[in-house]
Amino acid sequence: MATYADVAVLAARKLGYDFSAAPRDAWANAAAEAFPNSPSMRAKGCPQTIFLALCASGAVTGVAATGAVRDSENVRHARDCLTLLEKNPSYVGMEPRELWALITHASGKAYNQQMHVVLGLAKAGLLITARAKQTTI
């Protein structure tokens, strides 16, 4: 079964091949491919928001930074995760829920697949943490 890591990687690769594509459209197309029989999984907002924030920050390989992202809790989670991975590259090997616990300081906040997106991109070599310092998420 596909995961949101798969969707993120597929969307990022689509953006790498088609420079005129918009990140939101690439995500929608990738989610439709990964979850053809599940409208609710295609529409899940948290993973998409994390992906779009990473794209806007220039942290996704082949995607130009736009800086156009509204502040939200998920955007802050993306920023915090990039900072954490930059300081501790070995964290890429963590389980998504373990990373989530670090990002949220074990607050018990519900996990909605956000770290699957970040870790999927990182493991595929599609995440650029250093660039995140240059552009504010």
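General remarks:
- Residue match in region 64-71 (condition: under 14 Å from V117 (Cα atoms) and modelled with pLDDT under 90): no
- Filtering region 10-23 to residues that are of a type outside the set (F, W, Y) and surrounded by fewer than 21 Cβ atoms within 10 Å (Cβ to Cβ) leaves L10, R13, K14, G16, D18, S20, A21, A22.
- Between A56, A78, A32, the distinction of being open to solvent by 30 Å² or more (accessible area, probe 1.4 Å) and either more than 13 Å from the chain's Cα centre (by Cα) or among the aliphatic types (A, V, I, L, M) (or both) belongs to A32 only.
- Residue satisfying all of: in region 81-121; in contact with a Cys (Cβ under 6 Å, 6 or more places away or on another chain) and polar (S, T, N, Q); most open to solvent (accessible area, probe 1.4 Å) among these: N112
- Considering residues of region 65-102 that are assigned to a loop (DSSP other than H, G, I, E, B) and of a type in the set (D, E) only, the residue nearest to F51 (Cα to Cα): D71
- Filtering region 81-117 to residues that are in contact with a helix residue (DSSP H, G or I) (Cβ under 7 Å, 6 or more places away or on another chain) and polar (S, T, N, Q) leaves N112, Q113, Q114.
The values are calculated or read from the model by the stated rules, or taken from the named source; none is laboratory data. Just so it is clear, the model here is predicted, and its values are computed rather than measured. Methodologically, a virtual Cβ is constructed for each residue, glycine included, from the backbone with ideal geometry; neighbour enumeration extends over all protein chains shown. Surface accessibility is based on the protein's heavy atoms, side chains included, excluding ligands, DNA and RNA. Shrake-Rupley method; radii C 1.70, N 1.55, O 1.52, S 1.80 Å.
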